[in-house]
Amino acid sequence: MATSTDEIKGNDAFKKALRLLSCEGLDGAMMVVERELEENPESWEAWGAKADIHYFQGKYDKSLQCCEKSLRHNPENALAYNIKGNALYKLGRYKEAIDCYNKAIELEPLFVKAWYNKKMASELQLKKSSVKVRYMAPRDTRSRKG
């Protein structure tokens, strides 16, 4: 299958974004992603990259919005479900995060990061929701004669 010029250009943009990310940080990578979205607003890859950048900037609500846009254009995007799960996890919405990790795993069963993230969210959800149980020794209910 031949690769179109647009696909090559898009791949180059993402390679450049990764280089900028390592050299100039998140702002440089965001500039490349924004430029890609101006040219192709339906690029699920660019929306996913933008979601990831927002996540690393601690902008979890914006990350969620970008994940939704990415998933609107490609509902089979396991990476976007994982990023969405990460943002929800940071917002303390563990059940929703676990649902996202489950969807990522359903789409890509060997997605190790999604499995790990699901484990972490499940443990934290259990820890936060567990009821403190106080154990007492059983009483001796037999009557004492003596």
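The values are calculated or read from the model by the stated rules, or taken from the named source; none is laboratory data. Please read these numbers as outputs of a predicted model, since none were measured by experiment. Here the Cβ is made from the backbone with ideal geometry for all residues, glycine too, and neighbour counts use every protein chain on show.
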Inset, instruction - Residue by residue through the stretch 35-65, note down the ones that are farther than 22 Å from Tyr116 by Cβ and buried (at least 19 other Cβ atoms within 10 Å of the Cβ). - result: Glu36, Ser43, Trp44, Glu45, Ala46, Trp47, Lys50
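Is one or more of the residues making up the stretch 91-100 closer than 26 Å to Leu37 by Cα and modelled with pLDDT of 95 or more? Break it down stepwise before answering.
Of all residues in the stretch 91-100, those closer than 26 Å to Leu37 by Cα come to 100.
Add one more test, that the residue is modelled with pLDDT of 95 or more, and what stays is 100.
Yes, that holds for at least one residue.
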Inset, instruction - Go through the residues of the stretch 34-56 one by one and say whether even a single one is of a type in the set (Phe, Trp, Tyr), in contact with a Cys (Cβ under 9 Å, 6 or more places away or on another chain) and over 28 Å from Leu126 (Cβ atoms). - result: yes
Inset, instruction - Please note which helices (runs of 4 or more DSSP H) are completely contained in the stretch 36-137 and include at least 3 residues that are of a type in the set (Lys, Arg). - result: 60-73, 112-129
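Out of everything in the stretch 85-102 that is among the basic types (Lys, Arg) and within 17 Å of Tyr55 (Cβ to Cβ), what residue ends up being surrounded by the most Cβ atoms within 10 Å (Cβ to Cβ)?
Narrowing the stretch 85-102 to residues among the basic types (Lys, Arg): 90, 93, 95.
Remaining after also requiring within 17 Å of Tyr55 (Cβ to Cβ): 90, 93.
Values: Lys90: 13, Arg93: 18.
Across the stretch 85-102, the extreme among qualifying residues is Arg93.
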